[in-house]
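Dropping a structure here in C-alpha cells format, bear with me for questions.
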Amino acid sequence: MARGPSSEAAAHELLLRLAGRLPDAQLWRFRDWLAGGALVVLARAVPRALLHDRIAVTAAEHRLLADAFLPHGGDLGQVSSVPGLDELADPDYTFTPESPDRVPMGDSATVVLGATLRGRQGVGEVRSCWRLGGSGVREARRIVLVGAAEEPSRLAGELQRVLRALGEHEPCVEVVPPGIDLPPYHRAALAASELVCTGAADTEGHLVPG
C-alpha cells in the first residue's frame, strides 16, 4: 500500500494551495508555525479558520487536510465539516511584474533574496511579481515564488522572516516543491513573474513560466 505524504509535507502543500483564499495575515502565521514544527497547534487552528471563513476545499485538499492534521490531534468532526469544492476558480486578483508603487526591481528585498538564495543547495528558480486587486480594498503585495527540492516549509519560514525584517509585515512566500500541480493562483502569479536568481538545484525547468 502506497504511503501518503508526511504530515509536514501535506500541511505545506495545503497552505500553498490556500494562498489567495486565506487572509495573508493568517497564512504567513500558519506557515511560520509549520516551519517551527507546530503541527499540533495547526491541527486545531487551520480547520477552525477554514470553517470560520467558509473556505471550501477540493477533494485533494481535503485529503491533505486529513493527512496533515488528524495524526496531530485535529478534530475529525471539524475536518469533515469543511465544505467541499468541485474545482478551483480563477483567482480574484491580477498579477504584474512591476510594482504599482514603482518599487524598483533592484529594491532591498530583491537584493537580499538574491544574496540569500543565489547558488543555494536545494533551491531552483526564485521569481517575483506583484498582486493587485481582489475583493475589498487590498494594497499591492509582493509575491515570491521559489522552486525548492528540499525542506520547503522551513525555507518558507526563513524567507518570511527575511521579508518581515525588511518591512513586509504579511509576506507572501510561495515555496513550491517539484511535482505539485499548481493552482490557478500560482499559475497566474508565475506567468507575470520575473526571475530574481537561481539556486544550485537542477529542477528541470520547474517554475519556468510558459
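What's the exposure ranking of Val41, Val146, going from fewest to most Cβ atoms within 10 Å? Intermediate results must be reported in sequence, preceding the final value.
Numbers: Val41 15, Val146 25.
Sorted ascending by nearby Cβ count, the order is Val41, Val146.
When the chain is modelled as a GNM with alpha-carbon springs shorter than 10 Å, which of Ala43, Ala19, Ala59 fluctuates the most?
Taking springs between Cα atoms under 10 Å, the residue moving most is Ala59.
Based on alpha-carbon centroids, what's the gap between segment 147-174 and segment 1-58 in Å, whole number please?
15
If I model a spin label at Val112 and Ala200 as a point 7 Å from the Cα along the Cα→Cβ vector, what separation in nanometres do I get?
The modelled label-to-label distance comes out at 2.4 nm.
Mind putting a number on the dipole of segment 57-182 about its Cα centre? Charges go on the C-beta only, +1 for Lys and Arg and -1 for Asp and Glu, and I need it in Debye to the nearest 20. All intermediate terms of the calculation are to be shown ahead of the outcome.
On the way: 12 positive and 19 negative charges, 109 e Å.
Approximately 520 debye in magnitude.
Also, I was wondering about something else. In the chain, with Lys and Arg counted as +1 and Asp and Glu as -1 at Cβ, which of these residues, Ser80, Gly36, Phe69, has the Cα nearest the positive end of the dipole, that is, farthest along it?
Gly36
Once the other residues with Cβ under 13 Å from the Cβ of Glu87 are scored (Lys, Arg +1; Asp, Glu -1), what is the net sum? Display every interim value, and only then the final one.
Details: positive: Arg17; negative: Glu61, Asp86, Asp90, Asp181.
In short, -3.
Normalised by the number of residues in the chain, what is the relative contact order in percent for Cα pairs under 8 Å and 6+ residues apart?
Answer for the chain is 24 percent.
So what's the back-of-envelope 222 nm ellipticity for the chain, counting only DSSP H runs of four-plus at -39500 (n - 2.57) apiece and dividing by all residues, rounded to 500? Spell out each step's value before the answer.
On the way: 8 runs with 86 residues, N = 210.
-12500 deg cm²/dmol, from helical runs alone.
Also: Given contacts defined as C-alpha pairs under 8 Å and at least six residues apart, what's the relative contact order of segment 7-81, whole-number percent? Before the final figure, lay out the partial values.
Working: 71 pairs, mean separation 32.2, N = 75.
Here the relative contact order equals 43 percent.
While we're looking at this one, here's another question. Can you give the charge dipole size of segment 7-81 about its Cα centre, rounded to the nearest 20 debye, using +1 on the beta carbon of Lys and Arg and -1 on the beta carbon of Asp and Glu? Please report the intermediate quantities before stating the final value.
Working: 8 positive and 8 negative charges, 32 e Å.
So the dipole magnitude of segment 7-81 works out to roughly 160 debye.
Would you mind telling me which residue in Glu87, Glu13, Glu194 has the biggest mean-square fluctuation in a Gaussian network model of the chain, where springs connect alpha carbons within a distance under 10 angstrom?
Among Glu87, Glu13, Glu194, the largest GNM mean-square fluctuation belongs to Glu87.
Separate question: Given a Förster distance of 45 angstrom, what is the FRET efficiency for Thr96 paired with Asp75, based on the Cβ-Cβ distance and rounded to 0.05? Before the final figure, lay out each step's value.
Values: r = 41 Å, r/R0 = 0.90.
E(calc), rounded to 0.05, equals 0.65.
With the dipole of the chain worked out from charges on the C-beta (+1 for Lys and Arg, -1 for Asp and Glu) around the Cα centre, which of Ala165, Ala200, Val175 lies farthest toward the positive end?
Value: Ala165.
Comparing His169, His186, His12, which has the greatest mean-square fluctuation in the GNM of the chain with Cα pairs linked when under 10 Å apart?
Largest GNM mean-square fluctuation: His169.
Where a number appears in this text, it was derived from the coordinates with a stated rule and is not lab data. These numbers come from a predicted model, not from an experiment. Reconstructed Cβ throughout: ideal geometry from the backbone, glycine too, with neighbour counts over all protein chains shown.
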